[in-house]
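This report concerns only the one structure given below.
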Amino acid sequence: MTKNLVIVESPTKSKTIEKFLWRNYTVRASMGHLRDLPKSLFGVDIEHDFEPKYINIRGKGELIKELKTLAKKADKIYLATDPDREGEAIGWHLAHILGVDPEANCRIEFHEITSGAIKDALKNPRPIDLDKVDAQQARRIIDRIVGYQLSPLLWRKIRKGLSAGRVQSVAVKIIADREKEIADFIPKEYWTLNAKLREKAKAPIFEAEVIKHLGKKLEIHTAEEAAIVEKALAKAAYIIEEATKKERKRNPLPPFTTSSLQQEAVKRLNFTTKKTMMVAQQLYEGVAVGKEGSVGLITYMRTDSVRIADVAAADIRSYIESEFGKEFRPSHANSYSSKKNAQDAHEAIRPTSVHRTPLEMAKHLNKDQLKLYSLIWNRAVASQMASAVFDVTTLLIGAGDYQLRATGSVLKFEGFLKLSDKKDLLEDKDKTVPYLEAKTPVELYKLLPAEQHFTEPPAHFTEATLVKELEDKGIGRPSTYSPTIQTILDRGYIAKEGKKLMITELGLMIVDMLTNYFKDIIDIPFSAELETELDEIAEHKADKTKILEKFYVPFSKLMEKADKEIEAVEAPVEVSDVKCEKCGRMMVIKQGRFGKFLACPGFPECRNTKPILHKIGVKCPECGGEVIERKTKTRRIFYGCANYPECKFTSWDRPTEEKCPKCGKVMLERIEKNGNKKLYCSNETCENGLHIKKGKAGRKSAKSK
């Protein structure tokens, strides 16, 4: 039987989709891009309308051969790459490689990996959207121009291995500017005063803040001024001047976009943006769910829309009514407005089925998947729930020349807060203030000591707040935030201290140089305007070549000027405490493609390099040397002896300082799926060892590496 060929991007997705289709469909993965600009060449013909020179990616030959073979046998080819510009471009490259007419109905698009979505997509194929392809190509070409012309300038003037990108340079400047604001900030002193009041003896006591003096906002700058206010309030007569009692509604937040998901995952789950997107990708592509097999649990995770499909909203609303009661479901579906520059190409991030609750999915997901899925599920369901309602009482109290304010809030109906975590509930903790009619006298129960405060500088950026800043300023797109942050961390332009993102000396040097000579490239309005122009290309409102010319002509002149005027400077070097065993110099810390390493400063005479050893403070159980943290080629962490290759000790699980009470050997620490830590003996024959079917304890498998 002739088969139809469906090509997606990832093997996980292909397995999930294949089980939804009939036997006359074959599903294969392209593993991302198959064609790209060459790494060793510029690859863009500036003189001929910026024509890109694509080549097949090295190492993809066998895969291309297999896809071509399948394509020849197929009656119909469907290109089912991701539903965004990058996916559209990958589909266009596949069409070129496989000889498919891009104007034929060869492209299918879906935003969730469910049986219904896949079958609907197959009923509605369309041509490849060449405007979206042009927009992606324009971004790729601009990034290539900046990367392949500006980066070598940094190599010549500062040091090799540096890179400059359009979005990453703006991100570094944003962090540098914030650091300057913090450094320049001068704190100002101010004081606040509060009083405890009551109507009469044994009546409820409530707290009020002093807010005005002679009808104007009260500002107390010194302890002496605070003392004057305290003295006046101690003698004053207190009376209710105004009293109001009204309902206040707190509305639910919209479902997640890529940006808001990244921000919330940083704050709530302590995930990095990179980890958030990796786990979200797993949930989107498919997870084995019991007898159902592999199922996509969430809709596409790269989106700037807060819109939910009508069918999904109705399903969620029906679930809310049956699970929580009719009063928790508003009379009409809640709708939300996307931001002005949002593409709104597809839905917000939501569960593909509201009936797959986090509780039911717990047995099928690992701890990180469950945390993120719970966050997404709760937010999507809460977005369609009724508002929370509070009774708010506000009293304005006169005290001579001063006025105080007391505000109380009591939760009357929890609405969407039914699904909120403890942090949300703490924000709206009941604070009771009795309602007292105007002109009611009250008495001073206690005047609280004046409190000294100082104004605080702007906070350091975290991954969450940097993503928000980039989104608010219109810099980059949802898919670019995570790789941008990872790149500037890997290059050493910024560093993390806890959650804080801090500019490094190297980062400041790069920003200063780019600001002096390439101001427009890292100018926020310019970058935002360029994003808008890329959107216009995708919407057939602008011409790709004209946008590229508008960018390149002034950029090339700046490049020429900068190359002549910038003098070479010595990049800051961090000297380690490790001596080079070949020449005796103290080795320095360098930044490479895969992170930091030690190198001899005597290069090129001495070319000695070595990895930076991360000691964990535990002695090797076999030779007594230091146990260090290592990484495999796939970046997976394991532990080994620093005396390797003389000592071959390795373990996937972290060695501890504890000794086994049975045999005296070192105890290892394993993190289980539920997040709990389990200690077991490193001696495989000991009864305290971890006995599992595939090798006892996993230490053996690490050695085989």
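The values are calculated or read from the model by the stated rules, or taken from the named source; none is laboratory data. All figures in this text were calculated on a predicted structure; none of them were measured in a lab. Glycine also receives a Cβ, built like all others from the backbone with ideal geometry; neighbour counts cover every protein chain displayed. Ligands, DNA and RNA are excluded from the accessible area calculation, which covers all protein heavy atoms including side chains. Shrake-Rupley method; radii C 1.70, N 1.55, O 1.52, S 1.80 Å.
From (1) within 23 Å of residue 596 (Cβ to Cβ); (2) within 32 Å of the chain's Cα centre (by Cα), pick out the condition that doesn't hold for residue 642.
For residue 642, the failing item is (2).
Please count how many residues of region 238-296 are over 30 Å from residue 338 (Cβ atoms), polar (S, T, N, Q) and at pLDDT below 95.
1
Residue 577 is checked against (1) in contact with a helix residue (DSSP H, G or I) (Cβ under 6 Å, 6 or more places away or on another chain); (2) farther than 30 Å from residue 88 by Cα; (3) of a type in the set (Asp, Glu) and fails just one. What number does that condition carry?
It is condition (1) that residue 577 fails.
Hey, among the residues in region 529-547 that are in contact with a helix residue (DSSP H, G or I) (Cβ under 6 Å, 6 or more places away or on another chain) and not charged (D, E, K, R), which one's most open to solvent (accessible area, probe 1.4 Å)?
Of everything passing the filter in region 529-547, 540 is most open to solvent (accessible area, probe 1.4 Å).
Can we say residue 26 is open to solvent by less than 70 Å² (accessible area, probe 1.4 Å) and assigned to a helix (DSSP H, G or I)? Step through it out loud before you land on a result.
On the way: open to solvent by less than 70 Å² (accessible area, probe 1.4 Å): yes; assigned to a helix (DSSP H, G or I): no.
No: the conditions fail for residue 26.
Among the residues of region 307-317, is there at least one that is assigned to a loop (DSSP other than H, G, I, E, B) and either in contact with a His (Cβ under 8 Å, 6 or more places away or on another chain) or among the β-branched types (Val, Ile, Thr) (or both)? Explain how you work it out, then say what you get.
Step one: list which residues in region 307-317 are assigned to a loop (DSSP other than H, G, I, E, B), which gives 307-309.
After this cut, where a residue has to be either in contact with a His (Cβ under 8 Å, 6 or more places away or on another chain) or among the β-branched types (Val, Ile, Thr) (or both) as well, the list is 308.
For region 307-317, residues assigned to a loop (DSSP other than H, G, I, E, B) and either in contact with a His (Cβ under 8 Å, 6 or more places away or on another chain) or among the β-branched types (Val, Ile, Thr) (or both): present.
Does at least one position in region 97-115 carry a residue that is small (Gly, Ala, Ser) and either without any contact (Cβ under 8 Å) to a residue 12 or more places away in the chain or in a loop (DSSP other than H, G, I, E, B) (or both)?
yes
Answer yes or no as to whether residue 233 is surrounded by 14 or more Cβ atoms within 10 Å (Cβ to Cβ), over 46 Å from the mean Cα position of the chain (by Cα), hydrophobic (A, V, I, L, M, F, W, C) and in a strand (DSSP E or B).
It is false that residue 233 is surrounded by 14 or more Cβ atoms within 10 Å (Cβ to Cβ), over 46 Å from the mean Cα position of the chain (by Cα), hydrophobic (A, V, I, L, M, F, W, C) and in a strand (DSSP E or B).
Identify all residues within region 353-376 that are in contact with a Leu (Cβ under 7 Å, 6 or more places away or on another chain) and assigned to a loop (DSSP other than H, G, I, E, B); write none if there are none.
Answer for region 353-376, where residues must be in contact with a Leu (Cβ under 7 Å, 6 or more places away or on another chain) and assigned to a loop (DSSP other than H, G, I, E, B): 356, 362.
Among the residues of region 465-485, are any under 37 Å from the mean Cα position of the chain (by Cα), free of Cβ contacts under 8 Å to residues at least 40 places away in the same chain and farther than 30 Å from residue 351 by Cα?
no
Pick out the one residue from 103, 112 that is acidic (Asp, Glu) and buried (at least 20 other Cβ atoms within 10 Å of the Cβ).
Criteria check complete, one pass: 112.
Please find, among 467, 410, 442, the residue that is open to solvent by less than 70 Å² (accessible area, probe 1.4 Å), over 25 Å from residue 269 (Cβ atoms) and either at pLDDT 95 or above or out of contact with any Asp or Glu (no Cβ under 8 Å at 6 or more places or on another chain) (or both).
Within the list 467, 410, 442, the selection yields 442.
Pull out all pairs, ordered by first then second residue, where Cβ-Cβ is under 8 Å, the residues are six or more apart or on different chains, the first lies in region 627-653 and is at pLDDT 85 or above, and the second is of a type in the set (Val, Ile, Thr) and assigned to a loop (DSSP other than H, G, I, E, B).
Close Cβ pairs satisfying both conditions: 638/632.
Looking at this structure, is residue 616 farther than 18 Å from residue 667 by Cβ and β-branched (Val, Ile, Thr)? Working first, answer last.
Values: farther than 18 Å from residue 667 by Cβ: no; β-branched (Val, Ile, Thr): yes.
No.
Please determine whether any residue of region 138-153 is crowded, with 22+ Cβ neighbours inside 10 Å, touching a Cys at 6+ places or on another chain (Cβ under 9 Å) and not acidic (Asp, Glu).
No, every residue in region 138-153 fails to be crowded, with 22+ Cβ neighbours inside 10 Å, touching a Cys at 6+ places or on another chain (Cβ under 9 Å) and not acidic (Asp, Glu).
Restricting the search to region 243-282, which residues are farther than 25 Å from residue 334 by Cα, of a type outside the set (S, T, N, Q) and open to solvent by less than 50 Å² (accessible area, probe 1.4 Å)?
The answer is 243, 266, 269, 271, 277, 279.
Any chance you could count how many residues in region 470-515 are open to solvent by 10 Å² or more (accessible area, probe 1.4 Å), in contact with a Leu (Cβ under 8 Å, 6 or more places away or on another chain) and assigned to a loop (DSSP other than H, G, I, E, B)?
Total meeting the criteria: 2.
Counting just the residues of region 276-304 that are in contact with a helix residue (DSSP H, G or I) (Cβ under 7 Å, 6 or more places away or on another chain) and part of a helix (DSSP H, G or I), which one comes out nearest to residue 500 (Cα to Cα)?
Among those that are in contact with a helix residue (DSSP H, G or I) (Cβ under 7 Å, 6 or more places away or on another chain) and part of a helix (DSSP H, G or I), it is 276.
Can you confirm whether region 28-44 contains a residue that is in contact with a Leu (Cβ under 9 Å, 6 or more places away or on another chain), over 18 Å from residue 106 (Cα atoms) and among the β-branched types (Val, Ile, Thr)?
yes
Please tell me if residue 173 is part of a helix (DSSP H, G or I), charged (D, E, K, R), in contact with a helix residue (DSSP H, G or I) (Cβ under 6 Å, 6 or more places away or on another chain) and modelled with pLDDT of 85 or more. Working first, answer last.
On the way: part of a helix (DSSP H, G or I): yes; charged (D, E, K, R): yes; in contact with a helix residue (DSSP H, G or I) (Cβ under 6 Å, 6 or more places away or on another chain): yes; modelled with pLDDT of 85 or more: yes.
Here the answer is yes, as residue 173 does meet what is asked.
If you check every pair at least six apart or on different chains, which have Cβ atoms under 6 Å apart with a residue in region 601-621 that is more than 30 Å from residue 656 (Cα to Cα) first and a residue that is open to solvent by 80 Å² or more (accessible area, probe 1.4 Å) second?
Short answer, once both residue conditions are applied: 601/585; 602/585; 606/582; 608/582.
Out of region 202-214, which residues are touching a residue at least 12 places away in the same chain (Cβ under 8 Å) and part of a loop (DSSP other than H, G, I, E, B)?
203, 204, 205, 214
Restricting to region 57-83, count the residues that are crowded, with 17+ Cβ neighbours inside 10 Å and without any contact (Cβ under 8 Å) to a residue 60 or more places away in the chain.
Number satisfying all stated conditions: 3.
Among the residues of region 382-402, is there at least one that is open to solvent by 40 Å² or more (accessible area, probe 1.4 Å), β-branched (Val, Ile, Thr) and under 25 Å from residue 211 (Cβ atoms)? Walk me through how you get there before you give the answer.
So in region 382-402, the residues open to solvent by 40 Å² or more (accessible area, probe 1.4 Å) come out as 391, 400-401.
Keeping just the survivors that are β-branched (Val, Ile, Thr) gives none.
Scanning region 382-402 turns up no residue that is open to solvent by 40 Å² or more (accessible area, probe 1.4 Å), β-branched (Val, Ile, Thr) and under 25 Å from residue 211 (Cβ atoms).
Only residues that are without any contact (Cβ under 8 Å) to a residue 12 or more places away in the chain and more than 21 Å from residue 58 (Cα to Cα): list them for region 22-47, please.
Listed by number, the residues that qualify are 22, 45, 47.
Regarding residue 656, is this residue among the hydroxyl-bearing types (Ser, Thr, Tyr) and in a loop (DSSP other than H, G, I, E, B)?
Taking the combined requirement at face value, the residue does not satisfy it.
Within the group 362, 314, 309, which residue is of a type in the set (Gly, Ala, Ser) and either closer than 18 Å to residue 256 by Cβ or touching a residue at least 60 places away in the same chain (Cβ under 8 Å) (or both)?
Just one listed residue meets the conditions, 309.
Does residue 5 qualify as being open to solvent by less than 40 Å² (accessible area, probe 1.4 Å), under 32 Å from the mean Cα position of the chain (by Cα) and either touching a residue at least 60 places away in the same chain (Cβ under 8 Å) or more than 29 Å from residue 537 (Cβ to Cβ) (or both)?
Spelling it out, it is not the case that residue 5 is open to solvent by less than 40 Å² (accessible area, probe 1.4 Å), under 32 Å from the mean Cα position of the chain (by Cα) and either touching a residue at least 60 places away in the same chain (Cβ under 8 Å) or more than 29 Å from residue 537 (Cβ to Cβ) (or both).
Within region 608-637, how many residues turn out to be within 14 Å of residue 682 (Cβ to Cβ) and hydrophobic (A, V, I, L, M, F, W, C)?
The number of residues fulfilling the criteria is 4.
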